[in-house]
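Here's the structure, in structure tokens; my notes come after.
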Amino acid sequence: MKKNNLIISQRVKWRYLLFTLFVLFTFSFGAQAQELTVKGTVSGAEDGFPIPGVSIVIKGTTIGSITNVDGVYKISANVGDILIFSFIGMTSQEKTVSASFLDVDLATDVIGLQEVVAIGYGTVKKKELTGAVARVKAEDLTRIVTSDVGKALQGQVAGVNVIASSGAPGASSEILIRGLSSIGGSNNPLYVVDGVPFDGDPGLNPNEIETIDILKDAASCAIYGTRGAAGVILVTTKKGKAGSLRVSANASFGIQDIRSSTPVMNAAEQTYFNVVKDRNVSYTADDEIVLNLAKSPKGFLNDTDLGKLVFIDNASVQDYNLNISGGTEQITYNVSTGYHKTEGVIVNSNFERFNTRINTTYKKNKWTIDASAGMTQEDTDSAPGNIILQSIKYYPTQPTVNLEDDASPIYTQGGDEQTRLGSVLESFQNTDEGDRTKVFTSFRINYNLLKGLDFSTRLSYNGTKDYRKKFNPYQEVYDNNGDLKSDPSSSSVHMISSKNRKLDFEAGIKYQKKFKDHKFTVQAVYTMEDQLYDAFFAKKDGVLDNTIDVLDGTSLNAEVGSGTNYTNKQIGTLGRILYDYKSKYMLSVSARYDGSSKFAKDHRWGLFPSVSGAWNISDENFWNPIKNTVNDMKLRIGRGTVGNNRFNSYAYSAGVTNGKDYAFGTDASDILSLGSTQSQFANADIKWETSVQWNAGVDIAMFDNKLTLTAEVYDTRKKDMLFPVTVPGSASGSAGGRPTTVTLNVGDMTNRGFELAMGYRTQTGQVKWGINGTFSTNENEITRMITGSDFILTDDSGLIGGARSSSQITALAEGYEAGAFFIYTTDGIVDTNEKLAKYQQIQPSARMGDLVYEDNNGDGRISEQDRVYQGSGLPKYECGLNFIVDYKGFDFSMQWYAALGHEIMNGAKATAYGWGRHKDLLYAWSEANPETSIPTYRADMKSHENYKGYTDLWLEDGSYVRLKSITVGYSLPNSMLAKLGLSKARVYVSAQNPLTFTKYSGFDPEVGGGIEARGLDKGNYPVTSMYLVGINLNF
């Protein structure tokens, strides 16, 4: 007897009844047993409310039904058939048909022990998990409206540190899983999307994602061998389900707000300050001082504030998403498409993205075929570098900048004012446009060879093409005498193009066998990757017409070249054995053997083993007396080894630079010939960075599974870290005034930490509510390095743009965290004759009002050795708190995040002081104002020690507590939905980052920048507040 699928429409009740009668009539012709029309209502066990959308399937068949908006179902079944009732977030039930009426109560599956989680190259039930794996679901991700998945993860998972690299539109977050993993390589986790690995952020739309599983411990990450050192993020995108067509649409619109700023002087205050400065420098009487401004009296009429041009009020954010899914028992499909647009709060910055993804699955007999394809188009306008700092440096007496007019000439007094004007024009008038197109496709085939034995293979392609155009128009600038001061060669057109394509192939077998209470899973996989990157650029100076922004519209200094091209290949084989006894005792053993072309021939291969185990102690008989209180408890322990090859290609070979021409010949017959020179040292002995980690954890569920708790402790030892080692000048000389370095495996580093995650969900009357919290702490320490000194400064460009040597902050030092702040400490100012005499013994040139540097090493002079440790940008503690409430169609949620115990160097403040623009300089020391703690201003920070960027004057507490999101929504009642033909309609209002509690005085305390610049606020693009409205519709 052939039975057709029964799909009950939820939209209109009469259609539902007619269709049910039709199917029942059809079935009656072939009934071979006593057939009934089974009716009933499915309700929640806790509240008794009907549940719409519950799936009911006759076990062993494809015949099914679904509850309508009132929780009512009908299905034709035979006496003795078993009905399976299932709904996401509820515990499934099986009921045997014995009568025509059958009501069912489904209980909330709070702990989700039967939930399947991804572990890399496979899945396991949560109850059988042996490693440290955390899951984030779609509903938790989409509470934050963002183009970046990382921002949505912040505060959601203990041990996962997420910080904005920039608040710029389209910027990706920096994610650290259990601390820093490398000094010279990448610290970003490996992303694996539907089984396909990505080097770096895949740039997914959060609305494409079904779940994210984060592998935190090395025992779990070792399955990815060479690339698992920084943790692994497994992303599962949305898939189709058998049944009628489902359509969901989401839309939101919001505006952004930024309120912080650096206080600078207006025209009158600046003029007064300049008079006082000249007093301090030359001791000139006020009536003898002739300011530069006097050369251009019109400047007295100006009161320019470029901050009003830099920041854009109420910049908009738009986000629209559409999802279509459905299918049959054999073929299912899911189509996701989205559009996101963010207008930047800083001039000349925007981000726009369109994405689409199609996932299909075909199942028949022994075959399962998964196919996916998609495309993402991104357009990014980047704000000019240092635009905030350039606007701070600009004098208020200088002419304003007309962003709509670059044809009219601008007049300047020359000298310092011309320099500041040139920098500002470059920042405001430049455009930097990026265009990125990403395409991907993936095919996976699984064939069941025999019972328990499966063969699977996957082939995937990812391609990215980038095009970038930077245009610097020409602006005529004249001095007061009418002489042209601007240089046409300062204008330019610069175009860059690159492509990155990656092929992945894998093939493997998996065998599962159960002997009574023993279950074994044996798996072997072979993987191969081939990645190619190719780039070139073209640049010409001398723009002839600002309306023509192409290379042929320029006339000077043509230049063309290739990028950092490379080809990388990697081969890996892995094996894994899982053992499970009654889901009570679990053991996982794996090993991966990888080879990478990034290493020289003798060091290309590495072996990465792992072992982990778990004990569901609550399944023991002795636990029964307390099982009603402590419902479940599992202990876990594991040890794993992972490698890191995520650093620059060809690091093992010598670098050769062309264009270093040589003169050949004798006497006057020398001929300049083309030449090349070695610019980087070879190191054929470079090898894998290796991490070995111990992890222990406990999972607990209490009070009818309402309270859940997970605690982890770990210890990671990183060996053979790649560190830069300075080569003696006699052997190498120097390059660009900097000592030459060679990268060697000469360092060790540790990460030790503790993580805690707690959740509580319950119902009080008709109010459903829940709260989840996370806490984590990580201690990073460099335990061994070869430097020849107490510390080495990183290669960061410095806290203040254009002043590297006067503002380097971050360093590497044994016994401290990577990227620690090593700065000069100070002890007030010289404000008495006694202090002056004492300080002049150390600093003979000191004068009254000068800043006092501390001689920390006691050698009687101020030198590099007087720098001392003063914290870092790595937080000591991180906390997250999520709270949700549902009541009669209303929902409320809020999310908090805190980063505590780190420091920030305030570069915007340092720039404003160092270039004589901060408002507090009105109260700096002078003979007329000797009672102050603010040092006198004698010259800019490059020329005088009082306001250098590497002192503790700019050191601030970076701790903050932030309300990341607060949302209030309302869902229409079922009675109204039925009339509208909808299954869900929700409207909401939300605020993101509306409140931040911090002592930091800069724009924003969330300051990324990697190891070299984390915690250095260089006038970074700040994170903004956002206020939005939105709607969710399901059809």
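Shape analysis of region 116-245 places it in the oblate category; the axes a ≥ b ≥ c from the Cα gyration tensor give an a/c of at least 1.5, with a/b not above b/c. Taking 7 Å steps out from each Cα toward its Cβ at ASN546 and SER933 produces label points 4.6 nm apart. Testing the spin-label approximation: label points 7 Å from Cα along Cα→Cβ at LEU995 and TYR447. State their distance in nm. For LEU995 paired with TYR447, the spin-label model returns 6.1 nm. Computed over neighbours whose Cβ is under 13 Å from that of HIS340, the net charge equals -4, Lys and Arg +1, Asp and Glu -1.
Near TRP367, once Lys and Arg are set to +1 and Asp and Glu to -1 for all other residues with Cβ below 14 Å from its Cβ, the sum equals +1.
For region 530-544, backbone phi angles converted through the Karplus equation (6.51, -1.76, 1.60; θ = phi - 60°) give residue-by-residue couplings of 9, 10, 10, 10, 9, 8, 8, 9, 9, 8, 9, 9, x, 5, 8 Hz, Gly and Pro being listed as x.
So for the chain: antiparallel DSSP bridges make up what percent, rounded to the nearest 5? Counting only bridges with both partners in the chain, antiparallel ones make up about 95 percent.
Kindly state, to the nearest 0.05, the FRET efficiency for SER316 paired with PHE1035, given R0 = 35 Å and r defined as their beta-carbon distance.
Numbers: r = 27 Å, r/R0 = 0.78.
According to the calculation, E is roughly 0.80.
Each other residue within a Cβ distance under 13 Å of ILE312 adds +1 if Lys or Arg and -1 if Asp or Glu, for a net charge of -3.
Taking Cα atoms, how many degrees apart are the long axis of helix 13-28 and the longest axis of the chain, rounded to 10 and kept between 0 and 90? For helix 13-28, the angle is close to 50 degrees.
Round to the nearest 10 and give me the degree value, 0 to 90, for the angle of helix 267-282's Cα axis relative to the longest principal axis of the chain. Once rounded, the angle reads 50 degrees.
Let me have the relative contact order for the chain, percent, based on Cα pairs under 8 Å that are six or more residues apart.
On the way: 2762 pairs, mean separation 108.6, N = 1035.
Reported relative contact order: 10 percent.
Extension gain, ASP920 to THR96, is 288.6 nm, computed as 0.36 nm per intervening residue step minus the present C-alpha separation.
Which distance in Å, rounded to a whole number, links the C-alpha centroids of region 622-691 and region 125-195? Centre-to-centre distance over Cα atoms comes out at 23 Å.
Please report ILE410, ILE388 as a ranked list, fewest other C-beta atoms within 10 angstrom at the top and most at the bottom.
Sorted ascending by nearby Cβ count, the order is ILE410, ILE388.
Can you give the translational diffusion coefficient of the chain in µm²/s, computed by Stokes-Einstein from the Kirkwood radius over Cα pairs at 10 °C and 1.306 mPa s?
Working: Rh = 32.5 Å.
The calculation lands on 49 µm²/s.
Computed 3J(HN,Hα) for region 651-660, one whole-Hz value per residue from the Karplus formula 6.51 cos²θ - 1.76 cosθ + 1.60 where θ = phi - 60°, is 5, 7, 10, 6, x, 10, 10, 7, x, 9, glycine and proline marked x. The calculated Kirkwood hydrodynamic radius for region 334-414 is 17.8 Å, given to one decimal from all distinct C-alpha pairs. By other beta-carbon atoms within 10 Å, ranking PHE821, PHE608, PHE351 with the fewest at the front produces PHE351, PHE821, PHE608.
Rounded if a/c is under 1.5, else prolate if a/b beats b/c, else oblate: with a ≥ b ≥ c from the C-alpha gyration tensor eigenvalues square-rooted, which is region 599-656? Prolate. In straight-distance terms, cross-link reach from LYS999 covers every one of the lysines whose alpha-carbon lies under 28 Å from its own, apart from those fewer than eight places away in the same chain; here that gives LYS151, LYS308, LYS393, LYS876, LYS909, LYS919, LYS948, LYS964, LYS1018.
Here region 578-613 is scanned for amide nitrogen atoms under 16 Å from the site 7 Å beyond the Cα of TYR526 along Cα-to-Cβ, giving 593-595.
Sorted ascending by nearby beta carbons within 10 Å, beginning with the fewest, GLU35, GLU94, GLU208 become GLU94, GLU35, GLU208.
Values in this text are rule-based calculations from the coordinates and carry no lab data. What you see is a predicted model; the values in this text were computed from it and never measured. Positions of Cβ are generated from backbone atoms using ideal geometry, with glycine treated the same way; all protein chains shown enter the neighbour counts.
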